[in-house]
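J.: Before we start, here is the structure in question, set down as structure tokens.
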Amino acid sequence: MNSQPPVDVTSKEYKEWRVSNLDGSGLTEIHLVISTVVLSYWLWKCKTAADYHRDPTRFTESQWSRVLFECAVFFVPMFLTLTDQFVYPTLAVLIGGSVYFRWKIPDPPYRHDKWAPDPRAEAFEKSHILGKVAPKAYLSIYRAEMMLLTCFCILAVDFNVFPLKFAKVETFGTSIMDLGVGSFVFSAGVVGVKPFLPRLVKGKLVTATLAHQLKAGLWTAFPILILGFARLVLTESVDYQKHVSEYGTHWNFFFTLGFLPIFVPLGLHVYSDLRVTSTVLVVAYQAVYSLTPFGDWLENADRTGLVSANREGVFSFIGYLAMFLMGMSLGSEILSDVRTFKERRMRLVSVLGVWTTACISFMLASFVCGIEPSRRFANAPYCFWVAGFNSFTIWLFMLVEEDVDSKLPPQLSRSGRPAGYDVPIILDAVNMNSLTTFLVANLLTGSVNMLIETLLCDSMQAYLILGCYTLLFMLPALLLYRAGLRLR
């Protein structure tokens with residue numbers, strides 16, 4: 001931080017100073033704290049399976065008790081670890097609870113003839129439909145948990161209970177919020193590949209044309225860009241605090257999200273291999289940054305023109321586009337339905353391969369080439385770090401699902417499961433209207449900061465406000481879910 005803070009802690013200048021020149025935290029601490037998202041899922045999955053196997057009738061009737069348990073298992077660990085309170089005890093409770101409920105799940109019926117066909121595999125194969133892209137439970141939960149993490153942090157960072165080592169770094173370094181921004185883009189790419197996958201039309205697998213992809217991209221981009229302009233106008237009109245070096249003078253994260261669906265079809269039209277396109281794009285961007293005067297201009301130029309004033313947002317878009325394409329590459333491997341159990345399990349190997357490639361690339365860029373990750377410019381080490389973390393997290397989610405589902409009876413091998421068995425109700429609601437949830441969280445964050453001096457709140461007040469805020473940004477998603485409505 002700067003050595004001389006403004007005197008008035010309630011001033012806009014102090015709030016901007018407070019989140020400036022931060023160094024972040026180490027990778028081990030970041031990954032340890034974020035591991036709670038996987039452990040929460042493991043605990044929920046094991047307890048849900050144990051409850052259903054013990055009494056299926058009661059399971060379908062006890063919806064409210066399951067919702068309360070979901071709140072406890074997904075929200076409480078997030079509150080405790082992201083405010084740097086009881087990290088290790090929280091991890092221990094999650095692991096211990098998971099192991100206990102995993103032990104309570106009954107084993108599948110014993111097969112006396114080991115060489116006879118597995119009835120679960122037969123039921124799974126019979127239910128396969130060529131070209132179908134069915135929702136993946138582990139993917140829905142992964143995306144919803146990343147969304148909850150992001151929404152919680154954007155307000156929590158304004159309170160003293162949130163450690164500033166978890167806030168966004170100034171230029172080079174790593175933090176939880178830096179990882180959250182990248183994970184938001186990467187996870188959007190994982191599911192964003194769906195319109196580009198072959199579809200079954202009149203018995204044939206066909207791919208959408210470039211014109212159709214561009215039309216769909218513009219349709220997706222338009223409301224997000226409107227939100228970007230609305231945020232720009234509102235923040236300028238009320239003189240809201242703004243960290244200029246984050247995205248620039250006028251740019252905001254909604255602009256980055258809005259332009260992605262437009263540029264992706266154009267990039268794929270040039271070269272269709274997602275892995276090659278994303279790698280070439282981020283490596284070329286890093287080479288220009290590191291080997292030419294462009295890097296010095298990007299870091300130190302005066303904010304005189306429109307491009308220079310918004311250089312972080314404009315040029316980091318290249319890295320975020322590469323990151324989005326990396327997510328699409330992973331999504332193209334895991335979204336389509338598989339025919340057999342063996343193919344499903346081979347996907348674990350495939351995703352682990354993606355993680356290994358991303359880790360090697362990150363180590364080469366960071367330790368061999370000596371380039372530090374930078375969320376501000378979305379450089380190559382940052383992109384590879386985000387891709388590696390998210391691919392490994394998805395692999396762990398897949399592993400948990402594969403382990404628990406291996407105990408399912410044949411009729412539940414692919415379908416026929418009751419509501420709330422595969423995906424928690426609260427996370428299903430968030431995933432169903434993720435953009436709406438993100439928008440509501442941003443509006444509430446702005447409202448709280450305008451109405452309350454967050455830095456003057458003590459710990460109890462901060463926790464109370466954050467708890468109410470979490471319930472409020474979740475409320476529209478839950479109401480829409482109950483009404484069966486999907487906005488965005």
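J.: Quick one: which residue in VAL201, VAL238 is within 28 Å of GLU16 (Cβ to Cβ), modelled with pLDDT under 85 and β-branched (Val, Ile, Thr)?
T.: After applying the criteria, what remains is VAL238.
J.: While we're on this one: Quick check on the stretch 280-296: of everything there that is open to solvent by 30 Å² or more (accessible area, probe 1.4 Å) and touching a residue at least 12 places away in the same chain (Cβ under 8 Å), which residue is farthest from ILE224 (Cα to Cα)?
T.: Restricting to residues being open to solvent by 30 Å² or more (accessible area, probe 1.4 Å) and touching a residue at least 12 places away in the same chain (Cβ under 8 Å), the top hit is SER290.
J.: Which residue pairs have Cβ atoms under 9 Å apart, sit 6 or more places apart or on different chains, and have a first residue in the stretch 361-373 that is more than 21 Å from SER391 (Cβ to Cβ) and a second that is part of a helix (DSSP H, G or I)?
T.: That search, which allows pairs on different chains as well, returns CYS369/GLN286; CYS369/SER290; CYS369/ALA380; CYS369/PRO381; GLU372/SER366; GLU372/PRO381; GLU372/TYR382.
J.: Mind checking which residues of the stretch 358-381 are buried (at least 17 other Cβ atoms within 10 Å of the Cβ) and either in a helix (DSSP H, G or I) or among the basic types (Lys, Arg) (or both)?
T.: Selection gives ALA358, CYS359, SER361, PHE362, ALA365, SER366, ARG375, ARG376, ALA380, PRO381.
J.: In the stretch 395-408, is there at least one residue being open to solvent by less than 10 Å² (accessible area, probe 1.4 Å), farther than 20 Å from ILE105 by Cβ and modelled with pLDDT of 85 or more?
T.: Checking the stretch 395-408: not a single residue is open to solvent by less than 10 Å² (accessible area, probe 1.4 Å), farther than 20 Å from ILE105 by Cβ and modelled with pLDDT of 85 or more.
J.: Please go through (1) surrounded by 11 or more Cβ atoms within 10 Å (Cβ to Cβ); (2) at pLDDT below 95 for ILE95 and return the number of the only condition it doesn't satisfy.
T.: Among (1) surrounded by 11 or more Cβ atoms within 10 Å (Cβ to Cβ); (2) at pLDDT below 95, the lone unmet condition for ILE95 is (2).
J.: Tell me, please, whether a residue that is among the basic types (Lys, Arg) and farther than 30 Å from VAL33 by Cβ can be found in the stretch 216-231.
T.: Checking the stretch 216-231: not a single residue is among the basic types (Lys, Arg) and farther than 30 Å from VAL33 by Cβ.
J.: What's the number of the only condition in (1) under 29 Å from PHE397 (Cβ atoms); (2) β-branched (Val, Ile, Thr); (3) exposed (fewer than 14 other Cβ atoms within 10 Å of the Cβ) that THR304 fails to meet?
T.: (1)
J.: Okay, next question. What single numbered condition from (1) more than 23 Å from GLY420 (Cβ to Cβ); (2) open to solvent by 70 Å² or more (accessible area, probe 1.4 Å) fails to hold for LEU82?
T.: (2)
J.: Continuing with the same structure: Please specify each residue of the stretch 278-316 satisfying the condition of being of a type in the set (D, E, K, R) and not in a helix (DSSP H, G or I).
T.: Hits for the stretch 278-316 are ASP302, ARG303.
J.: Considering only residues of the stretch 38-71 that are open to solvent by less than 50 Å² (accessible area, probe 1.4 Å) and of a type in the set (D, E, K, R), which is nearest to ASP403 (Cα to Cα)?
T.: Among them, the one singled out is LYS45.
For (1) out of contact with any helix residue (DSSP H, G or I) (no Cβ under 6 Å at 6 or more places or on another chain); (2) open to solvent by less than 40 Å² (accessible area, probe 1.4 Å); (3) of a type in the set (Lys, Arg), each residue gets a yes or a no:
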position: LEU218; (1), (2), (3): yes, no, no
position: ILE224; (1), (2), (3): no, yes, no
position: PHE229; (1), (2), (3): yes, no, no
position: GLU236; (1), (2), (3): yes, no, no
position: ASN252; (1), (2), (3): no, yes, no
position: THR256; (1), (2), (3): no, yes, no
position: LEU260; (1), (2), (3): no, yes, no
position: VAL264; (1), (2), (3): yes, yes, no
position: LEU268; (1), (2), (3): yes, yes, no
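J.: For VAL181, indicate whether it is in contact with a strand residue (DSSP E or B) (Cβ under 9 Å, 6 or more places away or on another chain) and either of a type in the set (Val, Ile, Thr) or open to solvent by 50 Å² or more (accessible area, probe 1.4 Å) (or both).
T.: When the stated conditions are applied, VAL181 does not pass them.
J.: If you don't mind, another one. For residues that are touching a residue at least 24 places away in the same chain (Cβ under 8 Å) and β-branched (Val, Ile, Thr), scanning just the stretch 314-357, find the one that is surrounded by the fewest Cβ atoms within 10 Å (Cβ to Cβ).
T.: THR340
J.: A further question follows. For PRO163, which of the numbered conditions (1) out of contact with any helix residue (DSSP H, G or I) (no Cβ under 7 Å at 6 or more places or on another chain); (2) modelled with pLDDT under 85; (3) surrounded by 13 or more Cβ atoms within 10 Å (Cβ to Cβ) fails to hold?
T.: Result: PRO163 fails condition (2) only.
The values are calculated or read from the model by the stated rules, or taken from the named source; none is laboratory data. Just so we're clear, the structure is a prediction, and the values are computed from it rather than from any experiment. Cβ atoms come from the backbone with ideal geometry, glycine included; neighbour counts cover every protein chain shown. For the accessible areas, the whole protein counts, side chains as well, though only heavy atoms, and no ligand, DNA or RNA atoms are used. Shrake-Rupley method; radii C 1.70, N 1.55, O 1.52, S 1.80 Å.
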